[in-house]
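Presented below is the structure to which this report refers.
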Amino acid sequence: QSGWFYHLWLLDQTVTTDSPLLASSWPGHGYDVLLVEDRCYNGSAFSPFTALHSDSGSFPIVLYFNQPVGGVSSSTVTVECGFNKNEDLLWKPLSASNSQTARVWVAHLKIPSSDLHSTVEVSVGHSKGIISTRGFEYSHPSMFSFKVHVQPMERDFSQVSVAESISLREENFKIYGTQSEESIINSFNQLSIKNGHESTASNWRSEALAKEIECFRELLSLMDCKIGKLTLARLLMANDVMSYPFANKLVHSEEVLELYSDLMKLDPTHYQYYKDEHSMVLLQKVTSSKESLLQHCFHYKDSVSSAICGPICLRLNNLSLSRMGAFEKLLWVQMLDLSDNELQSIEGLEAMQLLSCLSLRNNKLRSLTALEPLRKLKLLRVLDISYNQIGDHSIDTTRYLCSSPLSHSVGSESNKDETVTSDVALIDNWEAFYIFKDFNLNQLDIVGNTIADEKFKSVLVKIMPKLKRLDGKLLG
């Protein structure tokens, strides 16, 4: 086995670039961002990818690197605009482990309502200090710029009805017409960072990979070997990455998906690993081109809602996904439908800082702590986690990754925690308190989970006083 592990390590060393690169950002270069204070807007003059509702008058700037990095700060990332001082921006890593290194970093830019039109320029890495976890410096400075247009509040929303429910179900969507497709495709052209340091793989690396692929094809022609199929799948994906590092082309995706499907049948002991890899390749295929991603974009029903802004919903439902990925292509998404999949984890979803509506209905989430990535989505207003497996398993090993409100480590986080020790119901459900206390949800669906009895629902109402709807029922 050591030979196979060495082969895998050697492949990783051959394909992975030493110096970190900025893979994508939001807003993208050349975007016209419409920051909407008035929730009931027409927005027809702007791409639905770039219209964003904000109660606070601020919006996130998201940097997505190709590998975990540290050192992102106001000294290494410069944000130039007329209304904001660069040193006032606080950059935070979005990491599940709460470490100071991450692929994704975010800062929130405050826009004064008096400044209705502004240009923002973001320079990354022009000063040294951004370093990967492998110890390599960010040596390819990048720059992108975008325009911000503020639409001020025009109505008194104290009288707006909250009766409308947001439902990411089949009957509420329609396919885009041909006129809309053109504007969407144009928006996709701005999603990725165009580095000025794009290079193709060196000849010897390409030749070495080609020879390896040929050898393993020959091996599989002689015998049905599971390690041969697995290695060939890895080699083919590596070949695509090296041959088209910035074009997002997946020439061999169909063959790789077939190899992982075969492996799930051939080696059921490691079924989940193959399933996860299959999901990752499938998502890369879906997001590899504007045309393929467009097939999963749907228009939400014509309606006025205080919970959502953009009408586009990315529907990745019913794809048998067990793992999420390709987040660098999905930073623009505000409505996401992941229903009817096989997700046990949503790790990485914290990168999608614009999410306002999310459906995880009918998946395999087994615990409340599996929802932890959602704590970092400050714009999330509608969440459907109905018909999962939360509460089915009495032993949740991931719960020990969370700190109890009774521990010293959490007691200093907020004054809200001081009330927990006097409320028996919250003490008994401290995982729910930990996960949901930072949410600003208007609507939550949790029906169909073992944990979702009336007592637990009353706890959720205490934790989230802004909640307007629970399991479709309007709260008093």
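The values are calculated or read from the model by the stated rules, or taken from the named source; none is laboratory data. Quick caveat: nothing in here was measured; it's all calculated off a predicted structure. Note that we place each Cβ from the backbone using ideal geometry, even for glycine, and neighbour counts take in every protein chain shown. Surface accessibility is based on the protein's heavy atoms, side chains included, excluding ligands, DNA and RNA. Shrake-Rupley method; radii C 1.70, N 1.55, O 1.52, S 1.80 Å.
What the table shows:
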read-out: Where labels lie 7 Å past Cα in the beta-carbon direction, separation of residue 375 and residue 438 in nm; value: 0.6 nm
read-out: Contour minus Cα-Cα distance for residue 204 and residue 458 (0.36 nm per residue); value: 85.1 nm
read-out: Accessible-area ranking of 76, 14, 269, largest first, probe 1.4 Å; value: 269, 14, 76
read-out: The stretch 19-154 - Rg and Dmax from Cα coordinates, angstrom; value: 15.6, 51
read-out: By average C-beta atoms within 10 angstrom, highest first, the peptides 111-119, 341-349, 354-362, 2-10; value: 354-362, 341-349, 111-119, 2-10
read-out: Gain in span if fully extended, residue 428 to residue 8, counting 0.36 nm per residue against the direct Cα distance; value: 146.6 nm
read-out: Distance violations [Cα-Cα > 30 Å] among 147/275; 174/285; 92/147; value: 147/275
read-out: Exposure of residue 471 as accessible area (Å², to 10), given a probe of 1.4 Å and all protein chains; value: 30 Å²
read-out: Test item: Cα-centred dipole of the stretch 19-154, Lys/Arg +1 and Asp/Glu -1 on Cβ, debye; value: 540 debye
read-out: Ranked packing of 209-215, 378-384, 67-73, 256-262, most packed first, by mean Cβ within 10 Å; value: 378-384, 67-73, 256-262, 209-215
read-out: Difference of contour (0.36 nm per residue) and Cα-Cα distance, residue 116 to residue 261; value: 46.9 nm
read-out: Computed over the stretch 19-154: relative contact order in percent, which uses C-alpha pairs under 8 Å that are six or more apart; value: 34 percent
read-out: Per residue accessible area in Å² of the stretch 19-154, where ligands, DNA and RNA are left out and the probe is 1.4 Å; value: 42 Å²
read-out: Highest average packing first - 313-325, 287-299, Cβ atoms within 10 Å; value: 313-325, 287-299
